[in-house]
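Below is one structure, written out as structure tokens; comments come after it.
Bear in mind that the values in this text are calculations on the coordinates, not laboratory data. What you see is a predicted model, and the numbers here were worked out from it, not measured in a lab. Note that we place each Cβ from the backbone using ideal geometry, even for glycine, and neighbour counts take in every protein chain shown.
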Amino acid sequence: MIYRRRVSPLHSARAGAGCLYCLALAIASLVLSAPLALGAVGLGVVCASAGARVWSEVRRALVWAVPLALMIVVINALVTRNGLTVIWRLGDLPVLGQSDVTLEATVYGAVLGLRAICLVLCGALYTAAVDPDEVLRMFRRVSFRSALTATLATRLVPVLARDARRLAESQRCRPGRPPGRVALMRVASTGVLDRALDVAAALEVRGYAGARRPPRAHRPWSRQDLAFTSAAGALLVLAIVARAEGLAPFSAYPLLHAPLGAAQAGTAAGLLACALAPFAVRRGMRG
């Protein structure tokens, strides 16, 4: 999964606003435990990825996240001994001992799995829709050489992956047994050292060896910057208030307690609205 520039509100916003927006969605996933609220956050991330035109990339992350969530559900149901509503008696297992699967442990495992899916989707949205070069430029005044090193590393990793694929394709065209992974890794590693020497020589010629911190460049805030920053703040405030005031209550042990009422539905609708509101600001988008 790599970043590609697209015409969308999230791509048009500066990297700082995009980072805050994705971070607010992730924090809301960690703060809230009610299934309805977590579902609203997950749906907000899915709709945001569609609005940012990166749903195909986020969908690939979802394919990996769903089995992880199912594994969390199974492990929590088998390991946790809390809960009063027994739904399956497994008997005396070799390692786990006397095991009874309870409804409370299963539901809580589902909540943890849903939270894991939301976090994975937030990370995928950040990776696909926030410019990594601009993120590194944000930190170059703090440490110019560290930002330059990180930029080169992130640029060279896809190049080396393409080199390995081309080497494998070239070897498959030759008769005989195809090469092993160790051989391909050895050749690719040799290419890494050659590229490192070439890049170091090119940077020295361009004067990066004695480079200083660049001057601060002033960039006015756009409509998208304000929209996504405001949405991030609204998401954080709503999630924290909902957790503190009990607007989205949830407890699994010893008995399930997850009421569904007007307050819970309003909280979920508010989270979804805050996540999607910035995508309505389409004027002045940059390609």
Distance in nm between pseudo-label sites at Ala244 and Ile75 (7 Å out along the Cβ direction from Cα):
3.3 nm
So if R0 is 25 Å, what FRET efficiency would Arg4 and Ala202 give, r being the distance between their Cβ atoms, rounded to the nearest 0.05?
0.50
Calc'd 3J(HN,Hα), segment 98-109, phi into Karplus 6.51 cos²θ - 1.76 cosθ + 1.60 (θ = phi - 60°), Hz, glycine/Pro = x, comes to 5, 10, 10, 7, 9, 5, 5, 5, 5, 5, 5, x
Expressed in nanometres to one decimal, the distance between label points 7 Å along Cα→Cβ at Val66 and Arg177 is 3.9 nm
Long-range amide H partners of Ala13, meaning residues 5 or more apart or on another chain whose placed amide H is closer than 5 Å, are none
